[in-house]
Amino acid sequence: MSGIKKIFGMACLTAVLAICLPSGIGLSYEINDQFSIGGVAAGVYQYQSVSDAPDTKSLGRGLLAFQPQISFTPTQHDELFVKFGFAAGNGLMEGGKSPFILTPWAGDTEDRVKNIDGRNRNYLLTAWYRHTFEFAHSHSLAFTAGIIDATDYVDDNVFANNEYTQFLNQALVNAPNSFVPSYDYGGVVEWQMGGFKATGLAMALGSNGQKGSQDEPYNAYFVELEQRVGSRLGEGTYRLLLGMSSVDFFDPQGTKKERRRCVLISFDQELGEILGAWIRMGWQDEEAAINYKNIYSGGLNIGGNLWGRKQDNIGIGYAHLKGGNLDADHTHVFETYIHIALTDIFAITGDIQYMKDAMRAGDSPNGWIFGLRATAQF
């Protein structure tokens with residue numbers, strides 16, 4: 001009953017935020033010139049119908065997530081930021097419910113916001129300080145330090161990067177083989193000049209996430225180069241990401257430790273006022289034990305201007321992941337969704353996914369996942 005009470009309580013909170021907050025607030029509410037509050041609340045329900053998975057049933061599960069955030073800007077060049085994460089339920093991501101390697105929703109679940117990265121820290125997702133040096137118009141250098149989420153800085157994509165408003169599946173939100181981490185200690189340097197941006201990021205993580213590793217700590221380092229371009233078609237962004245970890249991941253035999261290394265490219269391009277296209281491709285070496293070596297993904301974004309509703313959109317995406325040195329030979333992920341904005345802060349999304357894990361031995365689960373997501377951004 002406690003789990004049901006949590007879900008009911010979160011559902012009420014989501015409904016209150018959606019109905020009571022005034023339209024036009026956008027993504028944050030300014031208390032004064034220095035303080036602002038914001039966040040997102042979401043309810044997700046997914047039903048899976050699977051085949052070739054004898055130990056898994058076709059069933060439906062839901063969850064609710066709430067992530068409030070506070071920003072304090074004492075000067076135009078300084079910012080203190082804190083984000084919390086609360087959730088009720090784990091949905092299909094609950095142990096044993098889904099037969100797939102990848103999660104059908106990439107957001108934070110009830111288990112994910114507790115004992116974060118083996119740090120014995122609950123609910124506090126990020127807490128950082130940033131100082132920005134402005135040298136000239138469109139020329140700046142920013143330093144950030146604290147508890148950070150690396151996906152806020154690297155592996156971005158305009159059309160495939162937000163599990164609350166865009167694709168739900170893990171393979172289409174970020175690149176699973178790029179091991180970009182979240183919610184731990186780190187620092188970021190961002191240099192921007194015009195349409196060019198270079199980002200350097202380092203993090204110290206409390207757990208490498210490998211089974212049986214007993215929260216083995218590790219370090220991760222990333223460099224991303226980004227170029228924004230404009231044309232008659234619209235704006236596009238082209239990125240190159242390089243990543244490397246410390247020697248703290250076990251090899252496939254579990255006898256010695258290795259580094260993880262990855263290379264990722266990510267493109268998004270507007271194709272007029274209605275269409276947009278995106279590509280994400282990545283590769284990593286196989287010295288450490290990894291589920292996937294390569295990812296090739298891409299898709300289309302269809303803007304609501306097509307039917308006279310600018311805030312709506314349809315997303316279509318596909319990902320092919322080539323297996324690494326563990327059990328998976330390859331994985332297919334297809335997803336399409338329609339995002340409908342009901343107000344400035346409240347939206348619903350209908351979602352359909354198809355997933356298949358082709359395993360080197362044994363069962364190769366495949367099936368459809370039908371989802372509904374309600375989101376309040378404030």
Query raised in the report: What number goes with the only condition from (1) of a type outside the set (D, E, K, R); (2) buried (at least 22 other Cβ atoms within 10 Å of the Cβ); (3) modelled with pLDDT of 95 or more that residue 320 does not pass?
Result: (2)
Query raised in the report: Among the residues of segment 222-245, how many are surrounded by fewer than 17 Cβ atoms within 10 Å (Cβ to Cβ) and either assigned to a strand (DSSP E or B) or in contact with a strand residue (DSSP E or B) (Cβ under 6 Å, 6 or more places away or on another chain) (or both)?
Result: 13
**Report entry** Selected residue (criterion: farthest from residue 39 (Cα to Cα)) from residues of segment 111-131 that are within 20 Å of the chain's Cα centre (by Cα) and part of a strand (DSSP E or B)
**Finding:** 128
Query raised in the report: Can you find a residue in segment 56-69 that is closer than 26 Å to residue 215 by Cβ, assigned to a loop (DSSP other than H, G, I, E, B) and hydroxyl-bearing (Ser, Thr, Tyr)?
Result: no
Query raised in the report: Which of the residues spanning segment 59-115 are on the phi > 0 side of the Ramachandran plot and free of Cβ contacts under 8 Å to residues at least 24 places away in the same chain?
Result: 115
Query raised in the report: How many residues does segment 304-349 hold that are touching a residue at least 60 places away in the same chain (Cβ under 8 Å), more than 23 Å from residue 270 (Cβ to Cβ), out of contact with any helix residue (DSSP H, G or I) (no Cβ under 8 Å at 6 or more places or on another chain) and not aliphatic (A, V, I, L, M)?
Result: 1
Query - segment 39-67 - residue that is more than 21 Å from the chain's Cα centre (by Cα) and among the charged types (D, E, K, R) and, of those, modelled with the lowest pLDDT - result: 55
Query raised in the report: Would you call residue 107 part of a loop (DSSP other than H, G, I, E, B) and crowded, with 21+ Cβ neighbours inside 10 Å?
Result: yes
Requested in this report: Scan segment 184-221 for residues that are outside any loop (DSSP other than H, G, I, E, B) and farther than 16 Å from residue 147 by Cα and jot them down.
Outcome: 190, 191, 192, 193, 196, 197, 198, 199
Requested in this report: Return the only residue of 201, 225, 205 being in contact with an Asp or Glu (Cβ under 7 Å, 6 or more places away or on another chain) and aliphatic (A, V, I, L, M).
Outcome: 205
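Okay, residues lined up against (1) among the hydroxyl-bearing types (Ser, Thr, Tyr); (2) touching a Leu at 6+ places or on another chain (Cβ under 7 Å); (3) buried (at least 17 other Cβ atoms within 10 Å of the Cβ):
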| position | (1), (2), (3) |
| --- | --- |
| 168 | no, no, yes |
| 171 | no, yes, yes |
| 175 | no, yes, yes |
| 189 | no, no, no |
| 197 | no, no, yes |
| 204 | no, no, no |
| 216 | no, no, yes |
Query raised in the report: Scanning for something within 30 Å of residue 138 (Cβ to Cβ), of a type outside the set (Asp, Glu) and over 20 Å from the mean Cα position of the chain (by Cα), does segment 243-260 turn up at least one residue?
Result: no
Report task. Identify the residue in segment 117-129 that is in contact with a strand residue (DSSP E or B) (Cβ under 8 Å, 6 or more places away or on another chain) and modelled with pLDDT of 95 or more and, among all such residues, is nearest to residue 79 (Cα to Cα). Result -> 129
Requested in this report: Of the numbered conditions (1) outside any strand (DSSP E or B); (2) within 23 Å of residue 80 (Cα to Cα); (3) among the acidic types (Asp, Glu), residue 134 fails exactly one; give the number of that condition.
Outcome: (1)
Requested in this report: Could you check how many residues of segment 246-279 are of a type in the set (Lys, Arg) and either surrounded by fewer than 14 Cβ atoms within 10 Å (Cβ to Cβ) or part of a strand (DSSP E or B) (or both)?
Outcome: 3
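The values are calculated or read from the model by the stated rules, or taken from the named source; none is laboratory data. Because the structure is a prediction, the values reported are computed rather than measured. Cβ coordinates were reconstructed from backbone atoms using ideal geometry, including for glycine residues, and neighbour counts include every protein chain displayed.
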